[in-house]
Amino acid sequence: MAQSALSGPWFGRKRAPVIVSGMFAVTAARISPQDPLAGLRLGDHPDPSPPDSSWVTVTVKAASLNHHDVWTLRGVGISADRLPIVLGCDAAGVDADGNEVIVHAVIGDAAGHGGDETLDPRRSLLSERYDGTFADKVAVPRRNLVPKPASLSFAEAACLPTAYLTAYRMLFAKSGLEPGATVLVQGAGGGVATALILLGRAGGFRVWVTSRSEEKRARALELGADQVFESGSRLPERVDVVMETVGEATWSHSLKALRPGGRIVIAGATSGAAPPAELNRVFFLQLSVVGTTMGSRDQLARLATFLEQTGVRPRIDRRLPLTEAEAGFAAMISGDIFGKVVFTR
Ligand SMILES: NC(=O)c1ccc[n+]([C@@H]2O[C@H](COP(=O)([O-])OP(=O)(O)OC[C@H]3O[C@@H](n4cnc5c(N)ncnc54)[C@H](OP(=O)(O)O)[C@@H]3O)[C@@H](O)[C@H]2O)c1
């Protein structure tokens, strides 16, 4: 709750303080495809107003940055009439009863879609239709709260709902792989890429990784990658599955890297979404292309248990106070990260 600057004692004697109902938040105020930071605003924002009694308010302790937040500022996946909107898909915090929780980012109907709200055609992610997590408080349906394991810090738990959940589903639900298979991860430094390395290794896969940067390739090895390669370079043998989030810049290499009958699991297209499809290669080698988005609330709960069981912890590149969020956005836009950027309150 912020107190208005006009409410100080110097404005008339015995005047009751004027309390403005508001909180600190990081919002997308306008869309700028070429200069995403131009639309970023830090400051007061109204408190969350839950739409009905099935929603609850969570006090945010930590929130993590995703490329999704940069896309929003660029106007991808959102229209100007939704602005201003609080950014942020991911958070960990405390609910009104004092429980430590992880906030599931997908707002949708699971019951009508086999328990998977990502298949609800009307689903949205936090910060698309409803205010997101880069704020003191966030409102979500009660169902979207997942208990935070005590062994995970708030910062670690805040990495899970988007990047780690996406990587978990790519590896364990969409790849069709058995432990021991070889996975190629395109890109090393991103939130999803580092999650794929950590979770893939813990799941018993042989994890190969590409990166444009020699330094990031070295760090990928430290994180658990079995072999690393310069982006686009020839591999010693073909792989079972490619994990693709880069898109245009790596698509052709991903197709060439696969053994006959292999599979690409695709969750993103950071460098562009319209590469040549190379259909001849797809049918001649009987390749599968499988799309995936986020994960279900139940998968998020299992991911939290997976981290508890394996001892794996998210790779955090840097922690910043939410008031310094702009520096985190700038690092992600420049590609100067290895792991997750976490904002704390
Ligand atoms: N479908 C979903 O539910 C879902 C969920 C999460 C993320 N995503 C999408 O997945 C993508 C990655 O998200 P993120 O949060 O991990 O983003 P990020 O942290 O910004 O990561 C970007 C990654 O892309 C690689 N990269 C970027 N440009 C490249 C290029 N020209 N050539 C080769 N590699 C390049 C980087 O690799 P190096 O710097 O190591 O080379 C890095 O690993 C985004 O497009 C995001 O929107 C989708």
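The values are calculated or read from the model by the stated rules, or taken from the named source; none is laboratory data. Bear in mind the structure is a predicted one, so any value in this text is a computation, not a measurement. Positions of Cβ are backbone-derived with ideal geometry, glycine not excepted, and every protein chain shown enters the neighbour counts. With ligands, DNA and RNA removed, areas are computed over all heavy atoms of the protein, side chains included. Shrake-Rupley method; radii C 1.70, N 1.55, O 1.52, S 1.80 Å.
For Thr133, Thr293, what's the largest-to-smallest order of accessible area, 1.4 Å probe?
Sorted descending by solvent-accessible area, the residues read Thr293, Thr133.
Suppose we keep just the DSSP beta bridges with both residues in the chain; what percent of those would be antiparallel, to 5?
55 percent
Modelling each spin label as a point 7 Å along the Cα-to-Cβ direction, I'd like the Thr305/Asp81 distance in nm, to one decimal.
4.3 nm
With an 8 Å cut-off on Cα pairs and a minimum separation of 6 or more residues, tell me the relative contact order of the range 215-310 in percent.
Normalised by residue count, the contact order of the range 215-310 is 22 percent.
Report the one residue of Thr166, Val26, Gly295 whose Cα lies farthest in the direction of the positive end of the charge dipole of the chain (charges on C-beta: Lys and Arg +1, Asp and Glu -1; origin at the Cα centre).
The Cα lying farthest towards the positive end belongs to Val26.
Round to the nearest 10 and give me the degree value, 0 to 90, for the angle of helix 191-202's Cα axis relative to the longest principal axis of the chain.
Computed tilt is about 60 degrees.
For the range 104-173, take N as its residue count and report Rg(C-alpha) divided by 2.2 N^0.38 Å.
Its radius of gyration relative to the 2.2 N^0.38 Å reference: 1.16.
So how much accessible area does Ile266 have, in Å² to the nearest 10, using a 1.4 Å probe?
Approximately 40 Å² for this residue.
Assuming R0 = 51 Å, what is the FRET efficiency of Asp44 and Ser233, from their Cβ-Cβ distance, to the nearest 0.05?
The formula returns an efficiency of 0.55 here.
At a Förster radius of 41 Å, what calculated FRET efficiency corresponds to the Cβ-Cβ distance of Gln286 and Asn99, to the nearest 0.05?
With R0 = 41 Å, the Cβ-Cβ based efficiency is 0.25.
With axes computed from alpha carbons, what is the tilt in degrees of helix 214-223 against the longest principal axis of the chain, rounded to the nearest 10 within 0 to 90?
Taking the Cα atoms of the chain, the angle to 214-223 is about 90 degrees.
Taking a cut-off of 27 Å between Cα atoms, list the lysines near Lys216, but don't count ones fewer than 8 places away on the same chain.
Lys174, Lys256, Lys340
When we measure straight from the Cα of Lys148, which lysines land under 16 angstrom away, once same-chain ones fewer than 8 places off are left out?
Result set, ordered by chain and number: Lys61.
Show the residues, 5+ positions off or on another chain, whose built amide H is closer than 5 Å to the amide H of Ser127.
Those lying under 5 Å, H to H, from Ser127 are Gly132.
Just want the answer: with Cβ charges of +1 for Lys and Arg and -1 for Asp and Glu, which residue in Leu65, Val86, Pro36 is farthest toward the dipole's positive end in the range 32-108?
Towards the positive end, the residue furthest out is Pro36.
If all Cα-Cα distances of the chain are sorted into 10 Å bins from 0 onward, what percent lands in each bin, rounded to whole numbers?
It works out to 6, 25, 33, 23, 9, 3, 1, 0, 0, in whole percents.
Hey, what did the chain get for relative contact order, percent, Cα under 8 Å, at least 6 apart?
17 percent.
In the chain, what percent of the accessible surface is made up of carbon and sulfur (1.4 Å probe, ligands and nucleic acids excluded)?
Whole-percent figure for carbon plus sulfur exposure: 50.
Per residue of the range 137-143, in order, report the coupling 6.51 cos²θ - 1.76 cosθ + 1.60 (Karplus, θ = phi - 60°) as ³J(HN,Hα) in whole Hz, putting x for Gly and Pro.
Those phi angles translate into 9, 9, 9, 9, x, 3, 4 Hz.
In whole Å, how far is the Cα centre of the range 39-99 from that of the range 130-156?
Rounded to whole Å, the Cα centres lie 10 Å apart.
Tell me the per residue accessible area of the chain using a 1.4 Å probe; a whole number in Å² is fine.
44 Å²
Can you work out the Karplus-derived ³J(HN,Hα) for every residue in the range 224-236? Use 6.51 cos²θ - 1.76 cosθ + 1.60 with θ = phi - 60°, whole Hz, and x for glycine or proline.
Calculated HN-Hα couplings, in order: x, 4, 7, 9, 10, 9, 5, 3, x, 7, 6, 9, x Hz.
Using only the Cα atoms of the range 131-202, each taken as one equal point scatterer with no solvent, compute I(q) by the Debye sum, divide by I(0), and report log10 of the ratio at q = 0.14 Å⁻¹.
The Cα Debye sum returns log10 ratios of -0.56.
Among all the aspartates and glutamates, which ones have a C-alpha under 15 Å from Lys137's C-alpha, if same-chain residues fewer than 8 places away are not counted?
Within reach: Asp44, Asp47, Asp90, Asp95, Asp97, Glu100.
So, with +1 on the Cβ of K and R and -1 on the Cβ of D and E, and no other charges, what is the size of the charge dipole of the range 197-345 about its Cα centre, to the nearest 20 debye?
300 debye
In whole Hz, with x marking every Gly and Pro, tabulate ³J(HN,Hα) for the range 253-267 from phi via Karplus 6.51 cos²θ - 1.76 cosθ + 1.60, θ = phi - 60°.
5, 4, 5, 5, 6, 8, 6, x, x, x, 9, 9, 9, 10, 10
I'd like the orientation of helix 325-334 relative to the chain: the angle between its Cα long axis and the longest Cα principal axis, in ° from 0 to 90, rounded to 10.
Between the helix axis and the principal axis of the chain, the angle is about 20 degrees.
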